[in-house]
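No value in this document is a laboratory result; all are computed from the given coordinates. Nothing here was measured: the structure is a model prediction, and the numbers come from that model. Neighbour counts are summed over all protein chains in view; Cβ atoms, including those assigned to glycine, are modelled from backbone coordinates with ideal geometry.
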Amino acid sequence: MWSKIRVGMVAILIGLIAIVSYRYLSGQTIALLQPKGLIAEKERDLIYLATVLMLIVVIPVFFMAFWFPKRYNENSKNAEYLPDWDSNKALEAIWWGVPIAIIGVIAIVTWKSTHELDPFKPLAAANRQQRIQVVAMEWKWLFIYPDEGIVTVNHVLVPKDVPVSFEITSDAPMNSFWIPQLSGQIYAMSGMSTKLHVLANSTGKYEGLSANISGYGFSDMRFIAEVVDKNSYNDWVNNINISSSKFGENEYQQLSIPSVANTPQYFSLSQNDLYSRIVAKYNDPTMIDGLKLQLRSSNFHNHAEDK
Amino acid sequence: MLGLLTNFAHLSGKTDPVILGAQIALIGGIIAVALVITILGRWRWLWYEWLTSLNPKRIGVMYLIVAFLMLLRGAVDAFMLRLQQTIGSGGGEGFLDANHFQQVFTAHGTLMIFFVAMGLMFGIINLILPLQIGSRDVAFPFLNSLSFWLYLVGVGIINTHLIVGGEFAATGWLAYPPLSGIEYSPGPGVDYWIWSVQIAGIGSLLSGVNFFTTILKLRRKGMTLMRMPIFAWSVLGSMTLVLFTFPILTVALALLALDRTFAMHFFTSSFGGNPMMYINLIWAWGHPEVYILILPAFGIFSEIVATFSKKRLFGYTSMVWAIIAITFLSYIVWLHHFFTMGAGANVNAFFGIATMVIAIPTGVKVFNWLFTMYKGRVRMSQSMIWFIGFLFTFTLGGMTGVILSIPPADFQLHNSLFLVAHFHNMVIGGVVFGYMAGLTYWFPKMFGFKLHEGLGKAAAWSWIIGFLVAFIPIYMLGLMGGTRRFEKFDPSLGYHPLFVVAGIGVVIIGIGVVLQVTQLIYSILNNKKLADKTGDPWDGRTLEWSVSSPAPEYNFARLDEVNYRDEYWERKKTPAADLVKYKDIEIPKGSPIGMFIGIFAYLFAMAVIWHIAWIAALSIVIISAFVVARLNDDDIVKTIKASQIEKIESSYGGM
Ligand code: HEM
Ligand SMILES: [Cu+2]
């Protein structure tokens, strides 16, 4: 009697939780499950696939974990008792075999998908590839469009259905560049350049952020990732080119001062090799030309203490 | 800009109410304890029976006490973190700014892994392992005491900044450079972190040497490896991992310290340094570390499920091979912690697949546990409640672990709250549940009386339910794109309600902790009623149950040969005639040298952190002198006379 009531109560509770979470979640963006880009879609499918495959084992385990202690409880009458029964080769073969088979399938999927979705691999598509260079700074993101000759801060605009190639570095502690609805993340590291290829397939504004702790302003390193159609994209680029001030090394130095929650800014690029110089200065500290290595952060902290 | 600067200014620490509260609690606590000891006139007793003891059962208890105190601090940290995130996701400012929040989670992670989980683990191992393999002692009793003191020094260093004021590292519990380098973290915080972990880590390495040798060399005659209880096997796996991986930690930390203290460039971004090297090294230790913690928990559950099902452990041989496989595999998967660093597809795929392969032996263990209950006589004691909770939570965590081990999926889930949920799933639902189960199971063996059942069950249920309520929402937040280590989230993201639910879960876990404390106090007050006079309260199967509770200082009066896997279970079937002739037993004398070395290790660390070279050098000289003194001391054993043993044994009347 009691146990029936208990089961009933648990069922009602689970039902309630399900309804409430459904109502709540249906009003929210579940970024990873609602991708707006090709890569993010495939990554989501992998999460689904792995989950379903593992449920083949997990559900029986949950069932047995619930049932066995009930069925073979010391108080339950006429349950069989075999105190010395401690091995059965056939059974053990099953539970070595089934997990091996499932993991085998997931392993094959892993091998294939890891190669297919390698972030360094350019995407094949009809359109010409769009290049964007990304610099993680303390604590904002700098986007350089070398072909269009523009520079933005904390706002990246990409055309829809065009493969985008991000080259990513850091002039700050290590960060991780992430636009959840477009694709997975990749680290941004000083003196190195990582790559990420994405293809957005629906217009809109998406969250972008740094997923790796990088100091005081880390949680404010959010940026807008906006996907627009090709025409609006061209207009946007032209507008910036006409109306914005120049961005060169001096402006870069200025921007390098640590700051938090910068609003988006737009410039036209006056120096084409800016990105490669930012990468290079860590490998060749003697490099002159105004981009000398500076211990910016420690200056910053000292400032703070002076106040 | 100005606002930011004032934020920094108020971080100098001294005026902060949170820090102030911690200072008062810590200093007040120390003074209160000292007063109580003085009033009771217990200093001599404390010194001879505990602080200088080389008896692993005493050392084990000291580990447990310290670990529980650190659990309380870690839990307060956790509570602050979640409270801040709950406020910070709803649009509020909260009470912790970014830097302060980062210090708190860095301390939380470090405390929970190094000083709670490791402390509980070594406590349980010290108390139970020698008994279970039928040994009178560990292989190196003095080294054991030294390990404990180095562990305590680590605890001391990580808490020092609470007393003297100032900052702790704000880098995350593994302190990746360049953020942890001197350019970006110029204060002493990271140095506190380095030396706390470094010194405790050396203690762990010495413990690894000790227990590894103990298991291989001090097993009772007749106890072949394949007759060894599974808990001992799991500890063997864990200590093997300690031996091979803690040296990596030591080196990584030493190089980071050289970078910071002597401006070297092992891990800097420029001048030829390479931060990626640090990340590799720290995980080459860090991944095995999580298995160092979970393997003994597997062992504990294996003992519990067999005992409370009154049935042999199912698939012993499979279990042993699973442990060996897991031990081996955990060395070759570390890269799954940074698939996103940009290694090529071949490298990522190799490490991803190696990682998911671990799920196979782990799954096999789960099935063997399940079939140990099958056709047994299951008694749902409090230890079994933890076990059943573990089966559910751990399976869930294993599933999310496999998802994370697929590199392209991990690109989305890495550093997200989904990852946070995964590892709490493993560490709470696996490690903590395991050690709690072990503590309730072996408590009578450790202290001579049982823990109250009803309160224990209520506590276990609170933990299980609290865990689910606290972390299922965190999984969901991860899927919504929530990132770890954020002290605030834009309210428009809609994370707030889930953080509120998670917060309720934390409160439920908190109720569990309160119930545990109540259980402990109640059981101590009623220890007569709950006393275990037989030494075998659960109808146990292995040798630890064959001696009185608590075990006598020498563990076993006689060293009868072992003939079976479940030796004690078999002995109980055919009690042997008990014609005994006791012999004198030699056991190690106490020694304060472990403590002295600890004191100077602490001084050394402080001197390095504060750049006082002469104190550092002097401390090293003094430590060396103590080591030499100990090595030359030949008067290190005392004898317990046969007549005395006879008296002790007959008063308990065991077999
Ligand atoms: C089936 C077994 C397991 C698999 C396949 C697995 C897989 C993973 C993977 C791939 C990651 C890295 C995710 C990322 O950073 O993006 C990870 C992180 C982690 N896992 Fe597991 N895991 C398993 C079991 C465990 C166990 C048993 C524990 C602890 C006792 C554990 C504790 C952790 C911790 C602490 C982290 C993250 C630490 C950090 O980043 O701060 N895992 N796991
Ligand atoms: Cu790992």
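Pairs of alpha-carbon atoms within less than 8 angstrom and 6+ residues apart define the contacts here; what relative contact order does the range B:246-321 have, in percent?
Working: 42 pairs, mean separation 14.7, N = 76.
Once normalised by length, the contact order is 19 percent.
So what is the relative contact order of chain B, in percent, for Cα pairs below 8 Å that sit 6 or more residues apart?
Working: 1014 pairs, mean separation 110.7, N = 655.
Taking the mean separation of contacting Cα pairs over the length of chain B, I get 17 percent.
For chain A, what is the calculated [θ] at 222 nm in deg cm²/dmol (nearest 500), taking -39500 (n - 2.57) for each run of four or more DSSP H residues and dividing by its residue count? Don't jump to the answer; show the numbers that get you there.
Values: 7 runs with 129 residues, N = 307.
One gets -14500 deg cm²/dmol as the mean residue ellipticity at 222 nm.
For q = 0.07, 0.10, 0.11 Å⁻¹, what log10 I(q)/I(0) does chain A give under the Debye formula with an equal point scatterer on each alpha carbon and no solvent? Debye output, listed in q order: -0.44, -0.73, -0.81. Name the shape class, rounded, prolate or oblate, that the alpha-carbon gyration tensor gives for the range B:493-605, where a ≥ b ≥ c are the square roots of its eigenvalues, rounded holds for a/c under 1.5, and otherwise prolate holds if a/b is larger than b/c and oblate otherwise. Judged from the Cα gyration tensor, the range B:493-605 comes out oblate (a/c at least 1.5, b/c at or above a/b). List the pairs from B:533/B:581; B:57/B:217; B:581/B:638; A:4/B:573 whose alpha-carbon separation is above 30 Å, in the order I gave them. Beyond 30 Å between Cα atoms: A:4/B:573. Within straight-line reach of residue A:281, meaning a Cα separation under 28 Å, sit the following lysines at least 8 residues removed in sequence or on another chain: A:121, A:140, A:195, A:246, A:292.
Each peptide in B:419-425, B:623-629 receives the mean, over its residues, of other Cβ atoms within 10 Å, and ordering these scores from highest gives B:419-425, B:623-629. Within the listed set A:187, A:252, A:266, the residue fluctuating most in the Gaussian network model of chain A (springs between alpha-carbon atoms under 10 angstrom) is A:252.
Beta carbons within 10 angstrom, averaged per residue: use that to sort the peptides A:129-136, A:42-49, highest first. Intermediate values should be presented prior to the final figure.
On the way: A:129-136: 21.0, A:42-49: 19.0.
Descending mean neighbour count gives A:129-136, A:42-49.
Of all DSSP-defined beta bridges confined to the protein assembly as shown, some 70% are antiparallel rather than parallel. Here's the list of aspartates and glutamates a cross-link from residue B:445 could span, going by alpha-carbon distance under 18 Å and ignoring same-chain residues fewer than 8 apart: B:137, B:303, B:453, B:532, B:536, B:539, B:544, B:553, B:566, B:567, B:649.
For chain B, the longest stretch holding no GluC sites (Glu not before Pro) located in a DSSP loop with at most 12 other Cβ atoms within 10 Å is which? The answer is B:94-560. Rank A:57, A:162, A:151 by mean-square fluctuation in a GNM of chain A with C-alpha springs under 10 angstrom and give only the top-ranked residue. Looking only at A:57, A:162, A:151, the biggest GNM fluctuation is shown by A:57.
Hey, what D do you get for the protein assembly as shown in µm²/s if you plug the Kirkwood alpha-carbon radius into Stokes-Einstein at 20 °C and 1.002 mPa s? Write down the numbers at each step before the final one.
Values: Rh = 29.8 Å.
For the chosen part, D equals 72 µm²/s.
In angstrom, the C-alpha Rg and Dmax of the range B:564-644 are 23.1, 67. When each of B:245, B:362, B:250 is scored by the number of other beta-carbon atoms lying within 10 Å, the sequence from fewest to most is B:250, B:362, B:245. Remark: B:271, B:433, B:600, B:244 ranked as B:271, B:244, B:600, B:433, counting other beta-carbon atoms within 10 Å and listing the fewest first.
So what is the 222 nm mean residue ellipticity for chain B from helices alone, if each DSSP H run of at least 4 adds -39500 (n - 2.57) and you divide by all residues, rounding to the nearest 500 deg cm²/dmol? Show your work: numbers first, answer last.
Working: 22 runs with 422 residues, N = 655.
The helix contribution divided over chain B gives -22000 deg cm²/dmol.
Shown for chain A are the DSSP H helices of 30 Å or more along their axis, judged by Cα atoms, with a mean Kyte-Doolittle hydropathy of at least 1.0: A:2-25, A:38-71.
Summarising the overall dimensions of chain B from its C-alpha atoms, the Rg and Dmax are 24.8, 85 angstrom.
For the range B:249-293, take N as its residue count and report Rg(C-alpha) divided by 2.2 N^0.38 Å. If you can, show how the numbers build up before the last one.
Working: Rg = 11.6 Å, N = 45, 2.2 N^0.38 = 9.3 Å.
Compared with the compact-globule rule of thumb, the range B:249-293 sits at 1.24.
Would you mind pulling out the separation of the Cα centroids of the range B:608-655 and the range B:437-514, in Å? Value for the Cα centre distance between the two parts: 40 Å.
Averaged over the residues of B:352-363, the number of partner chain Cβ atoms lying within 10 Å of the residue Cβ comes to 5. Ranked for footprinting exposure by Cβ neighbours inside 10 Å, fewest first, B:330, A:183 give B:330, A:183.
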